[in-house]
Amino acid sequence: MRTLFKFNGGIHPPGNKERSTQRGIARAPLPAKLVIPFRQHAGEAARPVVRVGDHVLKGQLIGMPDGYFSSAVHASTSGTIAAIAAQPIAHPSGLPDLCATLIPDGREEWIPHAAVDYRNSDPAELRQHLRMCGVVGLGGAVFPSDLKLRPLRGHPNKDIGTLILNGAECEPYITCDDMLMRERAAEIVQGAEMLRFMLEAGEVLIGIEDNKPQAVAAMRQAVADSGLPFEVVVVPTIYPGGSAKQLIRVLTGLEVPSGKLPTEIGVQCFNVATACSVYRALAHGEPLLSRIVTITGNVRRAQNYEVLLGTPVQELVALGEALPDTDRYIMGGPMMGLPLSSTAIPLVKASNCIIAASDKLFPPAPPALPCIRCSRCAQVCPADLQPMDLFWFSQSREFDKAQQFSLFDCIECGACSYVCPSHIPLVQYFQFAKSEIRAREQDQRAADHARERHEFREYRIEREKQEKAERLAAREQAAKQAQPPAASATPADDAQQKIQAAIARAREQAAASRPKNTDNLTAQQQAEIAEIEARRAKAHERAEPAGEVADNHSEGRSQ
Amino acid sequence: MLSALLVMAGIAIVLGAVLGYSAVKFRVEGNPLVDKIDAILPQTQCGQCGYPGCRPYAEAIASGEADINRCPPGGEEGIRKLADLLGVEFKPFGGGTVLKPKAVAFIDENLCIGCTLCFQACPVDAIAGAAKQMHTIIASECTGCELCVDPCPVDCISMVPLRENIATWKRQYPVFTLVAAK
Amino acid sequence: MPRFASFSLTNNMSAFFAPFISKPDTVSAIMLRVLLALLPGIALYVWHFGPAILVSIALASLTALGTEALMLKLRDRPVRHFLSDNSALLTGWLLALSIPPLAPWWLVVVGTAFAIAIAKHLYGGLGNNPFNPAMVGYAVLIVSFPAQMTHWIAPHGLGLAELDFLGQLEYIFLGALPPNVTLDAVTMATPLDTLKTRLHLDEPVNQILQMPIYGRLGGQGSEMVSLGFLLGGLYLLAARIVTWHIPVAYLGTLFAAAGIFHLADPAHYAAPLFHWFSGAAMLGAFFILTDPITSPTTPKGKLIFAAGAGLLTYLIRAFGSFPDGVAFATLLMNICVPLITLYTQPPVFGKKGPASGKEKGRP
């Protein structure tokens, strides 16, 4: 038996996982429309590389990774790109983001793809392959996996002693990893071996909570069948035991230092579903096009479905047969999930679960009372923070103090809000404070940058002045030696005249409703002009709603 | 009586010597207050405060010549920080200053005549172009100071407010009901 | 600026955020369970000293609720919502249990009103008061009305005379006694008080403790009340409403301090168990010092806080001019709470110093 460790805190909310594990994973039918966001991963959004009207094949790249911290986005099926525009997505802001609308042609026609012989490939090439396959962490953080496989900067030779596969799945209701482990254990084990190979890791531990005995058995069987020296470790069920840092602590006894990556202590952690998608990407050359999503809660048929990325939530809700009193939907679990503003929102790489909710299922919390400093939140905090102090500082906007009390070590697991007898939405305060601090840092950076540029400009002007003076002095010197000057118009006057003439020309141009040069145009030129006009109109349009947003902001501040 | 006087005088001399010594020993070069104020100002260099840039305004505040509530781009937050730093009361914007949403300048390239007047006005060199060439704003460098708007002889520069997007979105202060509305 | 803005939400969605589930526990339920935990002590109080204490508790409850409602109204807070948190009721009960049951009715009313209005609401209401309101009320009363604060009822069978319930009511509300009874006949100095006075007369402790008002552990009757509070306190521990830190550190320090002095000079210093079971030690250990609002939030801080209170309680009892020291020890330690909390912050996950990098437990 392996010695397990404990982390402080944690809670035991009711699991409610049984309902969605009664049936196996089913494949969701092809929807009539897919909405594929270009930002499905942590980091920069992918850059669109297709145009409206293009026909794409299943697995074709439609979004190119943009910058270091980014990942690729693909067409989940074959069809036609109907639009590339901002559409509502699952985001706490409720703001729309750039998405491609794909109308499937129903043929599911694949782009050519082939397996990669990973054992004879360069690690950097493999990482690039995973990046172009859009493989990101499917546990919820959607961190590009290729970046996690990179050798640690500054410590190129740091060994990864332990590779951890996270199958803990601690949040209530969610069972997508559980079902994946039961049904595709062999693929996960193969994926783990690929990850281990790329990391050159020593041991491989697969951590699964003890409320998933079937998954444990399936994984153990798969490991035995593969003959690989992996160990399936059963860990106690506790929320948030599936959070990477907490799982690393439980399995190895090591704490990931605050603000550092697990690789610094020689550990790397991947979700089991990520391992599965690594396997698909290397063994079949398939990019990440689908994932397992649980539909549960206030539904008649709770089940897990393999869903194409971009499928609108309503398709899944229809499969689950939501009960009539359902009035809202949550993406994710009941502890950290996101309430959805509409069911037209697409399922993305981060979507592990959709919970249909009603007042009966999740009774609204009683109205809040002031904090009585009972410190129950501190007792359950897995990051060993003092949430009641952080709350105090956040709500009085003492952000420096909040930071001093390690606000950014908060993992927003919600355990504090869960136990709060005053029912204070603690996590919302922490998110607000974090967001505000980040915005301020950004403003400060912008100000510093502007100051630098301003100072450089002043220096430049000074230098130019000096150079001019030197030039003048030199010329005077030369003039004195030659003939006395006879010119009347100085160069400055000349410039003024030219500017005046140009102004007059421009006025004429602006005054004429239709410039003269638009009389005899080809159709192509006309189209170009129309496009430019449309762009300009859009720029003005963009100007309008911003005013409202700013108003809301000042309103928010005055609270 | 005499001894008391002597003791007091002795203490005064010793303390005076300590103060004088530390004034020489721990002398601070420059004016750190100006730097601290300047660090709070948003560096738009817009001159809306009536001074020709952020640093001159910082100097004016430090010398007590200017009030702290004259920097619209800094917002109320900026005034609050200045009030904190200087240990004075917060005051709302004065002197007809209006708060505007953050914006960047936009040059209508169809109208621009390439006169270079705007980029002579730009305090942060955020306009690219050359004489008789169309100019363009480098949006990421623009501080939204509006200094280029007036010099333009053909009125081709407009201010486009920045729209909130997912990258710039900020969470609002959590507000929750104390009493359930019935 | 109100800390809790109350206005209707325009968007139903914004009232709905993670986590969507919560433990069915509320402030009012916690306070209610603390009140329940006081019941065994109160029952034993009635058994040994008659029902007068029930009158005090009723008076204190009414005053507490009334003052709370008035203050909430003045401060423009939703009255019903805050009144239902039971915290005012708890303050009233604790104060009533700290003062003599035969005290005139206005004493209870003044003390409770002061506790709620000044010590609680002037500091910002629930959650913001730095001092334990009940103990502030007690301190005000003992300083302002020392004579009335000595009207402790003699336990059954020890007084020269005994008042029935009607007689007690008459005295509390009208200050009238039956014609042939004097106040001194029905009241009696507390065991701690008696000990103090007698020690001044150079009597040895063991001789004093032979007097009839002393029982096996502390005072006759009052030791049973203390046992009742201990019982309630154990329930609070079992129900995880209070953590072990404060009661253990408080009683431990009190025991240790009393033990050291008792061992050194048993003739002048009473035994540690006597200190545990007399006065308000048990009430303080489980019900007063454990008030979360006025005690530190960190485990280490709780230990320091309670140990300080235990030591102060003993010092006041042994060397001070007041017979009991729980109230002043509590208030003095309340002052130190912010400092203690600040300096006892537990290490944050991932910031536990070099030890966290140690490869411990690796196979």
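Annotations
- Of the residues in segment B:113-123, none is in a strand (DSSP E or B) and more than 9 Å from chain A (Cβ to nearest Cβ).
- The residue that is farthest from A:I355 (Cα to Cα), counting only those in segment C:15-73 that are assigned to a loop (DSSP other than H, G, I, E, B) and more than 12 Å from every other protein chain (Cβ to nearest Cβ), is C:G50.
- Boolean, B:Q43 is surrounded by 10 or more Cβ atoms within 10 Å (Cβ to Cβ), within 11 Å of the chain's Cα centre (by Cα), within 28 Å of B:C145 (Cα to Cα) and away from chain A (no Cβ under 13 Å): no
- Hey, A:T274 closer than 26 Å to A:Q431 by Cβ, part of a loop (DSSP other than H, G, I, E, B) and in contact with a helix residue (DSSP H, G or I) (Cβ under 7 Å, 6 or more places away or on another chain) or not: no
- Segment C:131-160 - residue that is part of a loop (DSSP other than H, G, I, E, B) and surrounded by fewer than 15 Cβ atoms within 10 Å (Cβ to Cβ) and, of those, nearest to the other protein chains (Cβ to nearest Cβ): C:P146
- When residues in segment C:277-320 are screened for being of a type outside the set (V, I, T), touching a residue at least 12 places away in the same chain (Cβ under 8 Å) and surrounded by fewer than 21 Cβ atoms within 10 Å (Cβ to Cβ), 6 of them pass.
- Across segment C:331-342, a minimum of one residue is classified as more than 14 Å from chain A (Cβ to nearest Cβ), modelled with pLDDT of 90 or more and crowded, with 21+ Cβ neighbours inside 10 Å.
- Condition met for A:P367 (in contact (Cβ under 8 Å) with a residue 24 or more places away in the chain, out of contact with any Gly (no Cβ under 9 Å at 6 or more places or on another chain), at the interface with another protein chain (Cβ under 8 Å from one of its Cβ atoms) and part of a loop (DSSP other than H, G, I, E, B)): yes
- Some residue of segment A:536-546 being modelled with pLDDT under 70, loosely packed, with under 10 Cβ neighbours inside 10 Å, outside the structural domain of A:Q403 (by TED's automatic domain parsing) and small (G, A, S): no
- Residue count, segment A:249-306 (criterion: within 14 Å of chain C (Cβ to nearest Cβ), charged (D, E, K, R) and free of Cβ contacts under 8 Å to residues at least 24 places away in the same chain): 2
- Segment C:86-96, subset out of contact with any Asp or Glu (no Cβ under 6 Å at 6 or more places or on another chain), surrounded by 24 or more Cβ atoms within 10 Å (Cβ to Cβ) and within 14 Å of another protein chain (Cβ to nearest Cβ), residue nearest to C:F114 (Cα to Cα): C:T91
- Selection status of A:Q428, within 14 Å of chain C (Cβ to nearest Cβ), at pLDDT below 95, surrounded by fewer than 13 Cβ atoms within 10 Å (Cβ to Cβ) and touching a helix residue (DSSP H, G or I) at 6+ places or on another chain (Cβ under 9 Å): no
- Only one of the numbered conditions (1) in contact with a Ser or Thr (Cβ under 9 Å, 6 or more places away or on another chain); (2) over 27 Å from A:A86 (Cβ atoms); (3) at pLDDT 95 or above; (4) of a type in the set (S, T, Y) is violated by A:S358, and that is (3).
- Every condition in (1) under 23 Å from A:H454 (Cβ atoms); (2) free of Cβ contacts under 8 Å to residues at least 40 places away in the same chain; (3) not β-branched (V, I, T) holds for B:A9 except the one numbered (1).
- With respect to (1) within 23 Å of the chain's Cα centre (by Cα); (2) within 12 Å of chain C (Cβ to nearest Cβ), the lone exception for A:E436 is condition (2).
Each row is one residue, and each column tells you yes or no for (1) over 30 Å from A:G241 (Cβ atoms); (2) in the same structural domain as A:F38 (by TED's automatic domain parsing); (3) buried (at least 19 other Cβ atoms within 10 Å of the Cβ).
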residue	(1), (2), (3)
A:V267	no, yes, yes
A:A281	no, yes, yes
A:I292	no, yes, yes
A:R301	no, yes, no
A:P324	yes, no, no
A:M336	no, no, yes
A:T343	yes, no, no
A:V348	no, no, yes
A:C353	no, no, yes
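- Of the residues screened, B:D155 is not one that is facing another protein chain (nearest Cβ under 7 Å), on the phi > 0 side of the Ramachandran plot and not in a strand (DSSP E or B).
The values are calculated or read from the model by the stated rules, or taken from the named source; none is laboratory data. The structure displayed is predicted, hence computed values, not measured ones. In this analysis, Cβ positions are derived from the backbone assuming ideal geometry, glycine residues included, and neighbour counts consider all displayed protein chains.
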